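Chemist: Sharing a structure, written as structure tokens. Questions coming.
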Amino acid sequence: MTLFGRGRTGRELFPGLRRLTGDRDAGDYAALTAAARERPFDAVVDVSGYVLRQVRGGAIAALDAAGGHAGRYLFVSTQAVYAGPGADEDTPRKAPRPDADEVALLDDTTYGPAKVACEDEVTARFGERATLVRPGQVTGPYDTSDALVHWLRRAARGGPVAVPADPAQPVQSLDARDLGRLVAALLRADRGGAFNAVGPAEPLTLAGLLAVCARVAGAEAWPVPVADRPGYFPLVRRDWASQRRSAARARAVGLTATPFVETVAAVREWDAGRGRPALEAGLGYTAEREAELLAAGDTSGRRPLRGE
């Protein structure tokens, strides 16, 4: 197995695997081209293509330059490609944006449409040898987005928790290890097509997520809906349909289902091991802002959530 990347982060992971350094954004994929000439790749897994030029660069450019091919090309896409509320992989997609040069993950006019253009390129180039995996929110140890860490740390402090949404909002969060197993299963089975990669298997809401986090942290915490509506808040979604996608097709071919409580426990252990660094500014409420929101709300009669 060969890993190709810029070599800036995660170098301590996967010791013993062959590592090639390059930056496809800068057109630096010489090492990958040399590897492709040395031996054709059985499969390529592209985990970070956001815009068309990135997908055309890197592995595809290296394969073209080497005059070789890959047995299968698996592209990790996103749930954001969907334009409608349907649950399965046949839900209509958004119009592609092949012109997008940069994307903002929270900007629906670029991120999803640019990923659609990437999917189209992979499908056009590889046909039946193309596999599209569409994850939703992915978390687990080494998830530096810290979306789940925010909720876990807040639950550990206990007490009423300001939630800028309906606590009944559905949440789909997939353990990264389940995603990895799905990718491996698809490659082993040489399966093409599109697959939703969402989890957990059990239904989950924001209130339920907070309950599990409280249980793992050994605390008592309960949600208090507040009227404040920030532009972004970890795991809060205005579009509930986006949190109700079906993973039936993926489960039929190998998507495993780690219980959410096990994912949360693993994230808590990992976060402790890295020393619980300060989270990025703007990730959730500051303690002062939350106190203001809770003071303006009704916190009486709330039942603590222990995750039973």
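The values are calculated or read from the model by the stated rules, or taken from the named source; none is laboratory data. Source: prediction; values computed, not measured. Cβ atoms come from the backbone with ideal geometry, glycine included; neighbour counts cover every protein chain shown. With ligands, DNA and RNA removed, areas are computed over all heavy atoms of the protein, side chains included. Shrake-Rupley method; radii C 1.70, N 1.55, O 1.52, S 1.80 Å.
Chemist: Return the pairs, sorted by first residue and then second, in which the second residue is exposed (fewer than 10 other Cβ atoms within 10 Å of the Cβ) and among the hydrophobic types (A, V, I, L, M, F, W, C), the first residue lies in segment 265-293 and is within 16 Å of Pro230 (Cβ to Cβ), the beta carbons are less than 9 Å apart, and the residues are 6+ apart or on different chains.
Modeler: Final answer for the pair search is Leu293/Ala227.
Chemist: Something else now. Of the residues that sit in segment 249-281 and are under 18 Å from Thr131 (Cβ atoms) and β-branched (Val, Ile, Thr), which one is most open to solvent (accessible area, probe 1.4 Å)?
Modeler: Top of the filtered list is Thr256.
Chemist: In segment 102-122, what count of residues is obtained for those that are open to solvent by 50 Å² or more (accessible area, probe 1.4 Å) and not in a loop (DSSP other than H, G, I, E, B)?
Modeler: Going through segment 102-122 one residue at a time, the tally reaches 1.
Chemist: Here's another thing I want to ask about it. Only residues that are among the charged types (D, E, K, R), under 17 Å from Pro203 (Cα atoms) and crowded, with 16+ Cβ neighbours inside 10 Å: list them for segment 216-248, please.
Modeler: Arg237, Arg245
Chemist: For residues in segment 133-155 being in contact with a Ser or Thr (Cβ under 6 Å, 6 or more places away or on another chain) and of a type in the set (S, T, N, Q), which is farthest from Arg215 (Cα to Cα)?
Modeler: Among those residues, the one meeting the criterion is Gln137.
Chemist: Let me ask another. Do the conditions hold for Asp99, that is, is it part of a loop (DSSP other than H, G, I, E, B), surrounded by fewer than 19 Cβ atoms within 10 Å (Cβ to Cβ), in contact with a strand residue (DSSP E or B) (Cβ under 8 Å, 6 or more places away or on another chain) and modelled with pLDDT of 90 or more?
Modeler: Criteria not met by Asp99.
Chemist: Continuing with the same structure: Given the structure, is Arg125 in a strand (DSSP E or B) and either aliphatic (A, V, I, L, M) or under 16 Å from Asp46 (Cα atoms) (or both)?
Modeler: When the stated conditions are applied, Arg125 does not pass them.
Chemist: Here's something else I'd like to know. Test Ala65 against the stated conditions and say whether it is open to solvent by 20 Å² or more (accessible area, probe 1.4 Å) and under 17 Å from Pro135 (Cβ atoms).
Modeler: When the stated conditions are applied, Ala65 does not pass them.
Chemist: Any residue at all in segment 72-80 that is open to solvent by 70 Å² or more (accessible area, probe 1.4 Å), among the hydrophobic types (A, V, I, L, M, F, W, C), out of contact with any Phe, Trp or Tyr (no Cβ under 8 Å at 6 or more places or on another chain) and closer than 22 Å to Gly193 by Cα?
Modeler: no
Chemist: Restricting to segment 134-148, give me the number of residues that are crowded, with 18+ Cβ neighbours inside 10 Å and within 16 Å of Glu262 (Cβ to Cβ).
Modeler: 5
Chemist: Consider Asp143 carefully, then state whether it is free of Cβ contacts under 8 Å to residues at least 60 places away in the same chain, within 30 Å of Asp271 (Cβ to Cβ) and not in a helix (DSSP H, G or I).
Modeler: Taking the combined requirement at face value, the residue does not satisfy it.
Chemist: If Gly10 meets every condition in (1) open to solvent by 60 Å² or more (accessible area, probe 1.4 Å); (2) farther than 21 Å from Glu119 by Cα apart from one, which number is that one?
Modeler: (1)
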